[in-house]
Amino acid sequence: QVQLVESGGGLVQAGGSLRLSCAASGRTFSRSAMGWFRQAPGKEREFVARISWSGGNTYYADSVKGRFTISRDNAKNTVYLQMNSLKPEDTAVYYCAADTSSVYIYNVWGQGTQVTVSS
């Protein structure tokens, strides 16, 4: 399995940008699909984005399409979430997760990083 540590969260004004990073350790990272999720206060965790093991396929929640970009650098064992045109409704704790078998079941999770978007 891999271990995941998110970073890059913080406070940003609406319309601004942040880049989240997820540093992974473990020999299976390069063969794991990766996802980003978020959880806002009082809401359930929701899917944000997914990237295949090769980086060739990405998927996004409708709420972030056109604004967020997921990418990965397997040489650095890192997955990123570039967030542009941020909105207050993007405020949440963001988690990265690994689907180590590429079957859309995320079995390894990071600790989360807070993103707060002010009006």
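The values are calculated or read from the model by the stated rules, or taken from the named source; none is laboratory data. Predicted, not measured: the structure shown is a model, and the values here were computed from it. Methodologically, a virtual Cβ is constructed for each residue, glycine included, from the backbone with ideal geometry; neighbour enumeration extends over all protein chains shown. Remember, those area values only see protein heavy atoms, side chains included, never the ligands or the DNA or RNA. Shrake-Rupley method; radii C 1.70, N 1.55, O 1.52, S 1.80 Å.
Some notes on this structure:
- Accessible surface of Lys65, taken over heavy atoms with a 1.4 Å probe and every protein chain present, rounds to 120 Å².
- Additional length obtainable on full extension of the chain from Glu89 to Ser102, 0.36 nm per residue less Cα span: 1.8 nm
- Relative contact order of the stretch 18-58: 33 percent, from C-alpha pairs under 8 Å at least 6 residues apart in sequence.
- Two-site FRET efficiency, Asp73 against Ser119, from Cβ-Cβ distance with R₀ of 30 Å, rounded to 0.05: 0.35
- Per-residue ³J(HN,Hα) for the stretch 69-77, Karplus 6.51 cos²θ - 1.76 cosθ + 1.60, θ = phi - 60°, Hz, x for Gly and Pro: 9, 9, 8, 8, 10, 5, 5, 9, 6
- Rel. contact order, % - alpha carbon contacts under 8 angstrom, at least six apart, the chain: 36 percent
- Hits among lysines - C-alpha to C-alpha of Lys43 under 30 Å, sequence gap 8 or more where chains match: Lys65, Lys87
- Vicinal HN-Hα couplings computed from phi for the stretch 90-104 (Karplus, 6.51 cos²θ - 1.76 cosθ + 1.60; Hz; Gly/Pro x): 7, 4, 4, 8, 9, 10, 9, 8, 10, 9, 5, 9, 6, 10, 6
- Plainly put, the chain has a radius of gyration that is 0.95 times its Kirkwood radius, both from alpha-carbon atoms, as the Rg/Rh ratio.
- Projecting the Cα positions of Gln111, Asn74, Tyr95 onto the charge dipole of the chain (unit charges on Cβ atoms of Lys, Arg, Asp and Glu, taken about the Cα centre) puts Asn74 furthest along the positive direction.
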